[in-house]
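Participant: So that we are looking at the same thing, I have put the structure below in C-alpha cells.
The values are calculated or read from the model by the stated rules, or taken from the named source; none is laboratory data. Because the structure is a prediction, the values reported are computed rather than measured. Reconstructed Cβ throughout: ideal geometry from the backbone, glycine too, with neighbour counts over all protein chains shown.
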Amino acid sequence: MESLFSSLKTFFNKPPTIIDNLVFRLHYRGTFIILVACSLMVTSKQYFGDPIDCISKDDIPSKLLDTYCWIHTTFSIENAWKKTVGHEVPYPGIDKTTDKERRVYHAYYQWVCFVLFFQAAFFYVPRYLWKAYEGGRVAKLTVNLNTPLGSDNKRIKLLVKYLKVYENRHNHLFYFYSFMEVMNLVNVLVQMIIMNRFLGGEFTTYGWDVLNFTEWDWSVRYDPMIKVFPRLTKCTFHRYGSSGDVQTHDAMCILPINILNEKIYVLLWFWFYMVAIISAVAIIYRMTTLLFRPVRVSRTHAHCSIANRYDLDNLLDRLSVGDWFLLDMLARNMDASCFNQLITTYHKEDDSHSKA
C-alpha cells in the first residue's frame, strides 16, 4: 500500500515560500491528494481484485461474460429495491427481467478512476494560474530574510526601496488572488453538480441518506450506498443459437469495486461540502479585508506579533489594498525580527518624506 501512494509524498512537503492561505491549500493540496489517492486505489487490482465477476447457468465463458458486462454496463430493477429480500427478491435491485420493469443502468464504474483524476487536475488549475501570475515575486523579495540570523540592513533597505518605488502598483495581485479564490469555490460547486449527474442524481443527498439510514422503516430498509453503488447487478448477454436464432442469457454480476466506490463517495460528499462552506466563508473574509483596514492590520500583525502595531497601522492607512496584500505575504515568509525591522524602516522612510 505504501508503494501505491509513494508518488504523493512530495505534496506533503512544506513549500519554501508561502503565497496563499490554508483554504487555498485545501483545494490544490488536500482535495488534490484525496482525489488522486482514490483514483489510484480504484485502479489497483493488486489490493482490491477484479472489478467485476459475472455468473450464469449457461455455457458462456466467465471471462467473456465479465468483459462483456463491464463494457456494456449492468443494470438494476427499479421496483425491486423495496421488495423483501429472501422472499420476493434475492437481493435489493435484483428481480426477474420483463419489458415492463424499469431498468437503472450502471455505467459510472467504468469512468470512476478517470473522473477522479480529472477532478484532481481541475482543483490544481487555480493554484497553477496564481503561481504563474505571482511569478516568484515573494520568494525573490524575501531571500535570506526568513531566518532569525538573516537580518541584513542592506537587504531590508533594498526591500523598502522596492516597496517605495512600486507603491500602489500591487492591486492586480490582490484582485487576481481574490478571483482565484472565487474560482476555487466555483470549481467545488460545479464539480458537485457534475458528480450528481454522474451518479444519476444521487450525490446531492448521498451523505444525508447514509447518516439517516438507521432511522429508515425496517420494511423498506436497505443500505442507501448499495442503491448508488450496487454490489450485485444484472447483465443481459445476447448470442446466436445453434439454429441461428438470437438467444438471451441473464447473468448476475458481483461488483467488488463498488465496496470501495461507496466509501470513496461518502468521504467526498462530506469533504466537498466542508470545502465549499469554508471557501464561501473565506471569500466573505476576503471582502472584509478589502473594505475594512483594521481587519488588514490585525491580519498582518497576527503573522508577526512583535511588529510595531502603531507603525503598521500608519503604513496601512495610506497604502493600497494591493500593497497590504504584498506586505502580508512578506510577513508570512520573513523572520519576525526581519519583518519588524522592515516595518520600522519603511515607516521612518515615510516620515522623512512627509517632513521633506
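Participant: Here are some residues: K227, K234. Which one is closer than 30 Å to P92 by Cβ, basic (K, R), touching a residue at least 60 places away in the same chain (Cβ under 8 Å) and in contact with a Cys (Cβ under 9 Å, 6 or more places away or on another chain)?
Facilitator: One residue alone meets the criteria, K234.
Participant: Can you pull out the residues in segment 312-356 that are charged (D, E, K, R), at pLDDT below 85 and in contact with a Lys or Arg (Cβ under 9 Å, 6 or more places away or on another chain)?
Facilitator: Step one: filter segment 312-356 for residues charged (D, E, K, R), giving 313, 317-318, 323, 328, 332, 335, 348-351, 355.
Remaining after also requiring at pLDDT below 85: 348-351, 355.
E349, D350 - these are the residues of segment 312-356 that are charged (D, E, K, R), at pLDDT below 85 and in contact with a Lys or Arg (Cβ under 9 Å, 6 or more places away or on another chain).
Participant: So, in segment 139-157, exactly how many residues are surrounded by fewer than 19 Cβ atoms within 10 Å (Cβ to Cβ), closer than 16 Å to N333 by Cβ and either among the basic types (K, R) or modelled with pLDDT of 80 or more (or both)?
Facilitator: The total comes to 5.
Participant: Between a residue in segment 1-27 that is farther than 18 Å from N333 by Cα and any residue that is modelled with pLDDT of 75 or more and among the small types (G, A, S), which pairs come within a Cβ distance under 9 Å, given they are 6 or more apart or on different chains?
Facilitator: Partner pairs satisfying both residue conditions: L4/A37; F5/A37; L8/A37; L26/S279; H27/S279.
Participant: Among the residues of segment 81-132, what is the count of those that are modelled with pLDDT of 80 or more and more than 26 Å from I52 (Cβ to Cβ)?
Facilitator: Number satisfying all stated conditions: 12.
Participant: Additional query: Of the residues that sit in segment 189-204 and are under 15 Å from I264 (Cβ atoms) and in a loop (DSSP other than H, G, I, E, B), which one is modelled with the highest pLDDT?
Facilitator: Among those residues, the one meeting the criterion is F203.
Participant: Look at segment 242-301 and say how many of its residues are of a type in the set (D, E) and free of Cβ contacts under 8 Å to residues at least 40 places away in the same chain.
Facilitator: Looking only at that region, the number is 2.
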